[in-house]
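Accompanying notes for the structure given below.
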Amino acid sequence: MKKWTALLLAGILTLSLGGCAESARSLGGKVTETQVYMNADESAARDESGIPDEKVSEQAAKDQEKDTSTGDTGAEDEKVTQKVYLQEHFGYRLVLDEDWEFATDRELEQMNQAVVKAAEGDATFAKLAKADNVYTDMVANDTVTGNSIVVKLVKIGLADVIGSDEERNALLTDALYAEAEAAGLTKLQKTTTEAKFLGKDVTAIGVKGDLALSDEYTTEMWYQMISKQKGQYASVIFVTGFSEFGGDNFQEILDKFETLE
């Protein structure tokens, strides 16, 4: 099984059998990269990016205009690159530093085509996938720690397709287990983690296991998943990491998500 295939199937497992005028793709977020000045005490950044490009939302543009009105930067300010994934439908944004890289539009399209391919064996799921009711909206990778964040937008219908929350979590954990196993992890364990996301308590489901990076070197890798629902759709957030490099920094990554005002 190719990398991400099980995660894509996990998204398919949460699809509703009903129709809807909108699609997961139509709810997609926006990504922008700006140059900002951050002062020594890490207070609010002042944006010097100028007029935002077409991918920056109206809200982001207003934020930039507000920030630029604060005046001169001062000699002690440091210029940094700030990368933002803005998800207006679900009411949050993800702010990352320059160590992170976002997948390109082309790479995202390839991932979404993989959903259609993975669903070809089932006529119903294939139809839903082609209708963009499951959509990989964002992928970001930390070039330093090896952490990754994947945001998938899916149409949900748990009562119709899966049943109870417990049955859903069991199936999704099995899908994460299959993904980790396909990636070469051994000594796998299923996990649940209590965390905070956008100021609320959440329970993340996941797996962890050993990954051999060479014949002589093995490290522990973990997968965690949470979701945020609004209406008939959910934003499903997958986070992976290496215990040795980034540590168990799942909560630290969730803290990078901010509620939109």
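Overview of results
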| read-out | value |
| --- | --- |
| Per-region count, segment 179-195, residues crowded, with 18+ Cβ neighbours inside 10 Å, at pLDDT below 90 and among the aliphatic types (A, V, I, L, M) | 1 |
| Positions within segment 142-178 being at pLDDT 80 or above and on the phi > 0 side of the Ramachandran plot, in sequence order | GLY146 |
| Qualifying residues in segment 229-245 (those that are more than 17 Å from the chain's Cα centre (by Cα) and among the small types (Gly, Ala, Ser)) - the one nearest to GLU88 (Cα to Cα) | GLY231 |
| Answer residue from segment 208-236, given it is touching a residue at least 24 places away in the same chain (Cβ under 8 Å) and among the aliphatic types (A, V, I, L, M) and is farthest from THR186 (Cα to Cα) among those | ALA234 |
| The lone exception for LEU86 - which of (1) out of contact with any helix residue (DSSP H, G or I) (no Cβ under 7 Å at 6 or more places or on another chain); (2) modelled with pLDDT of 50 or more it fails | (1) |
| Boolean, GLU101 is outside any helix (DSSP H, G or I), exposed (fewer than 15 other Cβ atoms within 10 Å of the Cβ) and modelled with pLDDT of 90 or more | yes |
| Single match in LEU213, LEU198 (criterion: over 27 Å from GLU166 (Cα atoms), assigned by TED's automatic domain parsing to the domain that holds SER148 and either at pLDDT below 95 or surrounded by 15 or more Cβ atoms within 10 Å (Cβ to Cβ) (or both)) | LEU213 |
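The values are calculated or read from the model by the stated rules, or taken from the named source; none is laboratory data. Worth saying up front: this structure is predicted, and the values here are computed from it rather than measured. For neighbour counting, all protein chains shown are included, and Cβ atoms are generated from backbone atoms with ideal geometry for every residue, glycine included.
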